[in-house]
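This report refers to the structure that appears directly beneath it.
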Amino acid sequence: MSNPVCVEVTRGNLVESRHRGSVAVVDGDGKLVLSLGDIERGVFPRSACKAMQALPLVESGAADAYCFGNKELALACSSHNGEDAHVALAASMLARAGRDVSALECGAHWSSDQKTLVHQARTIDKPTALHNNCSGKHSGFVCACCHQGIDPKGYVGYDHPLQQQIRATMQSLTGTPLGHDNCGTDGCSIPNYAVPLRSLAHGFAKMATGNGLEPLRAKASRRLFEACMAEPFYVAGTGRACTKLMQIAHGRIFAKTGAEGVFCAAIPEQGVAIAVKADDGNGRAAEVMVAATLARFFERGSDVHAGLTTMANKALSNWNGIHVGDIRATATLAA
């Protein structure tokens, strides 16, 4: 099955690039609301599923034990820029569990955000694991282990008790069997599982609505979504698409990107969730896809619809500030 062209990039009057992809929108009961392309093929959600991976942190009681508020929970779901506020909060989370950066097993890297990278280069000799874009999630992992009396050492491993908890959680949410056959290793070294796009969207719809979830999980899901929507800066950072999407809607949209062209979102008030995948793994295309899909669910003429439509159709300028083309959602996607 050939997926439709969802995004076009123009230069002058011509289309220079085309991005194919798939889109699934599902409600809390599992009903398919919108479908484009092959939504049954397994895709790795990568970082888009971090809110699912953060559920044991809340369900175990660790978040309450360490007095985590919205900022900490948002960071536990984040792929952040490594800005100073992100790094400091990750360190604070670890400190509450009596740990420090040495407990993190995510590796270290410089920020992928240019302005943050320049700042880092001016202020530190080299990055630590706290600067890793996944340090918030990993700090949450360490805290979940410590509160439960589990040795956090080796927490990134497939057979570690925490990863077993996460695997069971994600399997329950998505309804997809998870094991070695559909497991890969993520950039931050934890297991990541390929699931159908439709199942991924359904999992987030269940989190958004509580449908089919036991009360503890429904409450934890709502708490994580509300934290991210309240503190979108800590989910990503300055200038990032996740942060912008949630700022546009002021507590009405949850959004989280993943590597290789995956993006997930939910509109809790409407009981639906979205999962998109750009076939070529292009993150810029995935941002257009999720923004255009979200815009379908808000009234034309509203500020939210206008903001989402602007994100889905952006002018491209060169280094001299000259308008050279556009990146835009196709009619198939934006209908």
Study note, to complete from the structure: So, with points 7 Å from each Cα along the Cβ direction, the Asp100-Asn70 label distance in nm works out to 3.3
Study note, to complete from the structure: The size of the Cβ-based charge dipole (Lys, Arg +1; Asp, Glu -1) of the chain about the Cα centre, to the nearest 20 debye, is 340
Point to revise | Cβ-based net charge around Leu36, under 14 Å, with every Lys or Arg adding one and every Asp or Glu removing one | key: +2
Review point. Along segment 66-72, what does the Karplus equation 6.51 cos²θ - 1.76 cosθ + 1.60 (θ = phi - 60°) give for ³J(HN,Hα), rounded to whole Hz, x for Gly and Pro?
Key: 9, 6, 7, x, 4, 5, 5
Point to revise | Acute angle (nearest 10 degrees) that the helix 135-148 long axis makes with the longest principal axis of the chain, alpha-carbon atoms | key: 40
Exercise for review: Provide the per residue accessible area, probe 1.4 Å, for the chain, rounded to a whole number of square angstrom.
Suggested key: 41
Study note, to complete from the structure: Within the under-14-Å Cβ sphere about Val142, not counting Val142, Lys/Arg +1 and Asp/Glu -1 give a net charge of 0
Practice item. Pull out the extension gain between Leu216 and Asp181, defined as 0.36 nm times the separation in residues minus the alpha carbon to alpha carbon distance; nm, one decimal. Key: 9.6 nm
Review point. Among Val142, Val118, what's the order by accessible area (1.4 angstrom probe), most exposed first?
Key: Val118, Val142
**Study point:** Estimated translational D of segment 5-333 in µm²/s (Stokes, Kirkwood radius over Cα pairs; 10 °C; 1.306 mPa s)
**Key:** 80
Study note, to complete from the structure: Given a Förster distance of 35 Å, the FRET efficiency implied by the Cβ-Cβ spacing of Ala194 and Glu269, rounded to the nearest 0.05, works out to 0.70
**Study point:** Over segment 5-333, relative contact order from alpha-carbon pairs under 8 Å, at least 6 apart, %
**Key:** 25
Practice item. Run the 1.4 Å probe and let me know the accessible area of Ser47, rounded to the nearest 10 Å². Key: 20
**Study point:** Segment Glu299-Thr238, length gained on full extension (0.36 nm per residue, minus Cα span)
**Key:** 19.2 nm
Review point. Looking at segment 1-135, what % of the alpha carbon pairs are farther apart than 28 Å?
Key: 42
Practice item. May I ask you to compute the full-extension gain from Ser92 to Thr10, defined as 0.36 nm times their residue separation minus their alpha-carbon distance, rounded to one decimal in nm? Key: 25.0 nm
Exercise for review: Work out the FRET efficiency for Lys314 and Ala230 from their Cβ-Cβ distance, taking R0 = 35 Å, and round it to the nearest 0.05.
Suggested key: 0.85
**Study point:** Carbon/sulfur fraction of accessible area - the chain, other protein chains in place, 1.4 Å, %
**Key:** 49
Review point. So, by mean Cβ neighbours within 10 angstrom, what's the order for 218-224, 181-187, 156-162 with the highest one leading?
Key: 218-224, 156-162, 181-187
Practice item. Take the alpha carbon atoms of segment 183-241, find their center, do the same for segment 96-156, and report the distance between the two centers in whole angstrom. Key: 20
Check your understanding: Hey, what angle do you get for helix 84-96 against the long axis of the chain, alpha-carbon based, 0 to 90 degrees rounded to 10?
Key -> 30
Exercise for review: Report the Stokes-Einstein translational diffusion coefficient (µm² s⁻¹, integer) for segment 31-98, Rh taken as the Kirkwood radius over Cα pairs, at 10 °C with viscosity 1.306 mPa s.
Suggested key: 112
**Study point:** Euclidean distance between Cα centres, segment 284-335 to segment 8-53, Å
**Key:** 15
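The values are calculated or read from the model by the stated rules, or taken from the named source; none is laboratory data. Worth saying up front: this structure is predicted, and the values here are computed from it rather than measured. Every residue, glycine among them, receives a Cβ derived from its backbone with ideal geometry; neighbour counts consider all protein chains shown. Surface areas here come from the heavy atoms of the whole protein model, side chains and all, with no ligands, DNA or RNA. Shrake-Rupley method; radii C 1.70, N 1.55, O 1.52, S 1.80 Å.
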